[in-house]
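The values are calculated or read from the model by the stated rules, or taken from the named source; none is laboratory data. Keep in mind that what you see is a predicted model, and the values were worked out from it rather than measured. Positions of Cβ are backbone-derived with ideal geometry, glycine not excepted, and every protein chain shown enters the neighbour counts.
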Amino acid sequence: SYSPEPDQQRTLPPGWVSLGRADPEEELSLTFALRQQNLERLSELVLAVSDPVSPRYGACWDWGGIWGKYLTLEDVAELVQPSTLTLRTVQKWLLAAGARNCHSVITQDFLICWLSVRQAELLLSGAEFHRYVGGPAETHVVRSPHPYQLPKALAPHVDFVGGLHRFPPTSSLRQRPKPQVAEAVG
Amino acid sequence: LHLGVTPSVIRERYNLTAQDVGSGTTNNSQACAQFLEQYFHNSDLAEFMRLFGGKFAHQASVAHVVGKQGRGRAGIEASLDVEYLMSTGANISTWVYSNPGTADGTGRHESQEPFLQWLLLLSNQSALPYVHTVSYGDDEDSLSTAYMQRVNTEFMKAAARGLTLLFASGDSGAGCWSVSGRHQFRPSFPASSPYVTTVGGTSFQNPFRVTNEVVDYISGGGFSNVFPQPSYQEEAVTQYLNSSPHLPPSSYFNATGRAYPDVAALSDGYWVVSNNVPIPWVSGTSASTPVFGGLLSLINEHRILSGHPPLGFLNPRLYKQRGAGLFDVTHGCHESCLNEEVQGEGFCSGPGWDPVTGWGTPNFPALLKTLINP
């Protein structure tokens, strides 16, 4: 097995409290980021449509019959969607683990599935789900303080799994004290 | 004289006239996203516009809300994002993205990551606003490389589609952390992605007058430890590193990394209406980001009316034009490590591009002139 995110921080952010292990039958949704294709080509296209020095900058292109300067979502999907092997391997792996209600996006490079905590811990070896509460809105989340591993066979097919380690962000807006100025303000 | 930043102060400083508003006749649109499980209330927006929006045509409600709007209290950040995006990008159709609560009360946990959910939305909706302003950032060192690389690819997908993504540069200046006993600056992601436009923060030289701007000491900026410097900014960054009289010790930052921010706007002393209460002196780069985003929406409005495509990913053109159309900010430094060596000072602004305010703040008529043509 291998760890897709060995360098992901897993320490509890300030202001969050552990409520203990999650109930094995509790349900949670996980996001599987599937390996995409043709990223070199994507990078070239971004520069072609964004860089004024590119000979194709500003030109209108025939994107499969649709004229325009930019790609449509369907063009992007056609370019980056995962290979059939990736889609089939990941779906088989998830179905075998009992994942349900899986749904994808138009570009097919993300898969969101619902599993019970028990199933998720079997699927992602090493993961151990705990419940936490914190943040300004007293948000409840389920996260794993331990790293997860995937079967080595999945290494060419999955970039990372979302929903295990990263906590909701906090706001950095501040209300400052009213500034003082030397001269009197009418 | 003024008692804090309001839409009139912003529009005066950035030379927006009462005519500089959306026409209401195009398919132009803009969006703001925040992932704090905060909500905004349309009633706050209406009250804000009643108090501060009298001098320019504006919409008093958002066109589209993505994500469940809770019945809870409004959050300052969510209120501020919408109110100022719709004050500079006035009379332009506006979407608000805010993430639903994570527990829907049925024992099922949306254990999703709110920012990831927003990225999935980008990959699942063909018709999206052209400009997105996003107030979200994490320290690079707290995120896995696999996650940051993949998110960076998602930004490339958006850029290929002609979407303009603007991220706040962060509110901790250069940041600071200790690596094997030595202090270093602490870059922030997604601000450090080479495929987004990052917005820093400024203050008025005199907080009660519309004057020139100086660095707001919180303005996030620096050099990525993950993403190499993109070719479009090499010349500008080299120029800064060769000419700045105030450079921190080189051991504090990675001079070959993607440098940010790219631009800036006022981030200090805003009035916000939240839960029906006007709140003064709110500060942060999550204020400057919607301000800059609204101005780009206005430029898109003119481009669309002229039959041109929207701006899309702005950075290559921005650096090519060497900041034409922007007020250069050349005074002030942002904060960093409180130690003997740097004494709390990070990078300092200077002529041209700098890692505190980028190329500077928008001068609308001049910026429009440089960006209206393809």
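How many of the residues making up the range B:140-160 are in a helix (DSSP H, G or I), at the interface with chain A (Cβ under 8 Å from one of its Cβ atoms) and among the hydrophobic types (A, V, I, L, M, F, W, C)?
Going through the range B:140-160 one residue at a time, the tally reaches 4.
For residues that are closer than 16 Å to A:V90 by Cβ and at pLDDT below 90, tally how many sit in the range A:134-186.
Initial filter on the range A:134-186 (closer than 16 Å to A:V90 by Cβ): A:148-163.
In the following step, the residues that additionally are at pLDDT below 90 were identified as none.
Counting residues in the range A:134-186 that are closer than 16 Å to A:V90 by Cβ and at pLDDT below 90 gives 0.
For a quick check of your reading: which strands (runs of 3 or more DSSP E) sit entirely within the range A:123-186 and have at least 1 residues that are small (G, A, S) and more than 9 Å from chain B (Cβ to nearest Cβ)?
A:130-134
Any residue at all in the range B:154-172 that's within 25 Å of A:R35 (Cα to Cα), under 21 Å from the mean Cα position of the chain (by Cα), surrounded by fewer than 24 Cβ atoms within 10 Å (Cβ to Cβ) and among the acidic types (D, E)?
The answer is no; no qualifying residue exists.
Inside the range A:52-113, counting only strands (runs of 3 or more DSSP E) that do not spill past its ends, which hold 1 or more residues that are within 10 Å of another protein chain (Cβ to nearest Cβ) and modelled with pLDDT of 95 or more?
A:100-104
Inspect all residues belonging to the range B:32-54 and state whether any of them is within 14 Å of chain A (Cβ to nearest Cβ), of a type in the set (G, A, S) and within 16 Å of B:P290 (Cα to Cα).
yes
If you check B:L298 against the conditions, is it under 24 Å from B:Q59 (Cα atoms), away from chain A (no Cβ under 14 Å) and surrounded by 16 or more Cβ atoms within 10 Å (Cβ to Cβ)? Reasoning before the result, please.
Numbers: under 24 Å from B:Q59 (Cα atoms): yes; away from chain A (no Cβ under 14 Å): yes; surrounded by 16 or more Cβ atoms within 10 Å (Cβ to Cβ): yes.
When the stated conditions are applied, B:L298 passes them.
Out of the residues in the range B:110-139 meeting the condition of being among the polar types (S, T, N, Q) and not in a strand (DSSP E or B), tell me which one is modelled with the lowest pLDDT.
B:S111
Could you check the range A:10-24 and list, in sequence order, the residues that are at pLDDT 95 or above and at the interface with chain B (Cβ under 9 Å from one of its Cβ atoms)?
Of everything in the range A:10-24, those that are at pLDDT 95 or above and at the interface with chain B (Cβ under 9 Å from one of its Cβ atoms) turn out to be A:A22, A:D23.
Any residue at all in the range B:341-351 that's part of a strand (DSSP E or B), away from every other protein chain (no Cβ under 14 Å) and surrounded by 22 or more Cβ atoms within 10 Å (Cβ to Cβ)?
yes
Based on this model, can you work out whether B:S29 counts as away from chain A (no Cβ under 12 Å) and under 19 Å from the mean Cα position of the chain (by Cα)?
Numbers: away from chain A (no Cβ under 12 Å): yes; under 19 Å from the mean Cα position of the chain (by Cα): yes.
Yes, satisfied.
Would you mind stating whether B:S61 is touching a residue at least 24 places away in the same chain (Cβ under 8 Å), of a type in the set (S, T, N, Q) and either under 19 Å from B:I279 (Cα atoms) or surrounded by fewer than 23 Cβ atoms within 10 Å (Cβ to Cβ) (or both)?
Considered against the rule, which asks whether it is touching a residue at least 24 places away in the same chain (Cβ under 8 Å), of a type in the set (S, T, N, Q) and either under 19 Å from B:I279 (Cα atoms) or surrounded by fewer than 23 Cβ atoms within 10 Å (Cβ to Cβ) (or both), B:S61 comes out as no.
Which residues, counting only those in the range B:188-205, are within 14 Å of the chain's Cα centre (by Cα) and either within 13 Å of chain A (Cβ to nearest Cβ) or surrounded by fewer than 24 Cβ atoms within 10 Å (Cβ to Cβ) (or both)?
Within the range B:188-205, B:S188, B:F189, B:P190, B:A191, B:S193, B:Y195, B:V196, B:T197, B:G201 meet the criteria.
Is it the case that B:N91 is out of contact with any strand residue (DSSP E or B) (no Cβ under 6 Å at 6 or more places or on another chain), under 21 Å from B:H132 (Cα atoms) and buried (at least 21 other Cβ atoms within 10 Å of the Cβ)? Before the answer, list the steps.
On the way: out of contact with any strand residue (DSSP E or B) (no Cβ under 6 Å at 6 or more places or on another chain): yes; under 21 Å from B:H132 (Cα atoms): yes; buried (at least 21 other Cβ atoms within 10 Å of the Cβ): no.
So B:N91 does not fit the description; no.
Would the range B:167-176 turn up any residue that is modelled with pLDDT of 95 or more, over 25 Å from B:E37 (Cα atoms) and more than 12 Å from chain A (Cβ to nearest Cβ)?
yes
Being closer than 19 Å to B:S349 by Cβ and either more than 14 Å from the chain's Cα centre (by Cα) or of a type in the set (D, E, K, R) (or both), is that true of even one residue in the range B:272-286? Spell out how you get there, then give the answer.
Here is the first cut: in the range B:272-286, the residues closer than 19 Å to B:S349 by Cβ are B:283-285.
Subset that is either more than 14 Å from the chain's Cα centre (by Cα) or of a type in the set (D, E, K, R) (or both): none.
Within the range B:272-286, none of the residues are closer than 19 Å to B:S349 by Cβ and either more than 14 Å from the chain's Cα centre (by Cα) or of a type in the set (D, E, K, R) (or both).
Listed here are the residues, each with its yes/no results for (1) more than 30 Å from B:A90 (Cα to Cα); (2) more than 18 Å from the chain's Cα centre (by Cα); (3) of a type in the set (D, E).
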| site | (1), (2), (3) |
| --- | --- |
| B:P207 | no, yes, no |
| B:L241 | yes, yes, no |
| B:F253 | yes, yes, no |
| B:F292 | no, no, no |
| B:G312 | no, no, no |
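Within the range A:111-123, is even one residue without any contact (Cβ under 8 Å) to a residue 60 or more places away in the chain and either basic (K, R) or farther than 12 Å from A:L30 by Cα (or both)?
The answer is yes, given that some residue of the range A:111-123 is without any contact (Cβ under 8 Å) to a residue 60 or more places away in the chain and either basic (K, R) or farther than 12 Å from A:L30 by Cα (or both).
Take the range B:233-267 and flag every residue that is part of a strand (DSSP E or B) and among the β-branched types (V, I, T).
B:V263 - this is the single residue of the range B:233-267 that is part of a strand (DSSP E or B) and among the β-branched types (V, I, T).
Of all the residues that make up the range B:20-36, how many are among the hydroxyl-bearing types (S, T, Y), modelled with pLDDT of 95 or more and either assigned to a loop (DSSP other than H, G, I, E, B) or in contact with a Lys or Arg (Cβ under 7 Å, 6 or more places away or on another chain) (or both)? Quick ask: steps written out before the conclusion?
Step one: filter the range B:20-36 for residues among the hydroxyl-bearing types (S, T, Y), giving B:23, B:25-26, B:29.
Now narrow it down to the ones that are modelled with pLDDT of 95 or more: B:23, B:29.
Then keep just the ones that are either assigned to a loop (DSSP other than H, G, I, E, B) or in contact with a Lys or Arg (Cβ under 7 Å, 6 or more places away or on another chain) (or both); that gives B:23.
Residues meeting the conditions: 1.
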